[in-house]
Amino acid sequence: MMLPVFPLLFFIISIGSTLWYQRTDNDIFGVLAAASALTCLIWGLIIAHWSIHLVSLIMLLRFGSPVFNAIQVNVSDK
């Protein structure tokens, strides 16, 4: 089985530019790290198997915080 080269290359560039950004004050390495990390994320979601998408969706629904919380309203008869 052959590893895909481009996602691995983007991942190595992302890690390397993040480490370089932490050692220097140049903002270009931070932009490079963010752009390559975003590219890795998008590319990884594109080439991922459907079962990985299903498992991640189940985990998001199971462990994610709800957007709308239930509100209990007390109704009293007077």
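Return, ordered by residue number, the residues of the range 4-42 whose backbone nitrogen is under 19 Å from a label point located 7 Å along Cα→Cβ of Leu54.
none
Starting from the Cα of Arg62, step 7 Å along the direction of its Cβ; do the same at Ile47; then give the gap between the two resulting points in nm.
Result for the modelled spin labels: 2.7 nm.
Using a Förster distance of 30 angstrom, determine the FRET efficiency expected from the C-beta separation of Ala70 and Thr18, and round it to 0.05. All intermediate terms of the calculation are to be shown ahead of the outcome.
On the way: r = 41 Å, r/R0 = 1.36.
After rounding, the FRET efficiency stands at 0.15.
Would you tell me the accessible area of Ser76, worked out with a 1.4 angstrom probe on the heavy atoms of the protein chains, in Å² to the nearest 10?
80 Å²
How large is ³J(HN,Hα) for each residue in the range 37-47, as worked out from phi by the Karplus curve 6.51 cos²θ - 1.76 cosθ + 1.60 (θ = phi - 60°), to whole Hz, x for Gly and Pro?
Rounded to whole hertz, the list is 5, 5, 5, 4, 5, 5, 5, x, 6, 6, 8.
Could you provide, to the nearest whole Å², the per residue accessible area of the range 1-52 with probe 1.4 Å? Each step should come with its number before you reach the end.
On the way: 4340 Å² over 52 residues.
Each residue of the range 1-52 exposes 83 Å² on average to a 1.4 Å probe.
Report the gain in length on full extension from Leu8 to Asn26: 0.36 nm times residue separation, minus Cα-Cα distance, nm rounded to one decimal. Kindly include the intermediate steps, with their values, before the conclusion.
Details: separation 18, 0.36 × 18 = 6.48 nm, distance 2.44 nm.
Between Leu8 and Asn26, full extension yields 4.0 nm more.
The values are calculated or read from the model by the stated rules, or taken from the named source; none is laboratory data. Bear in mind that the values here come from a model prediction, so they are computed numbers and not experimental data. Ideal geometry is used to build each Cβ from the backbone, glycine not excepted, and the neighbour counts take in all protein chains shown. What goes into the accessible areas is simple: the full protein's heavy atoms, side chains included, and nothing from ligands, DNA or RNA. Shrake-Rupley method; radii C 1.70, N 1.55, O 1.52, S 1.80 Å.
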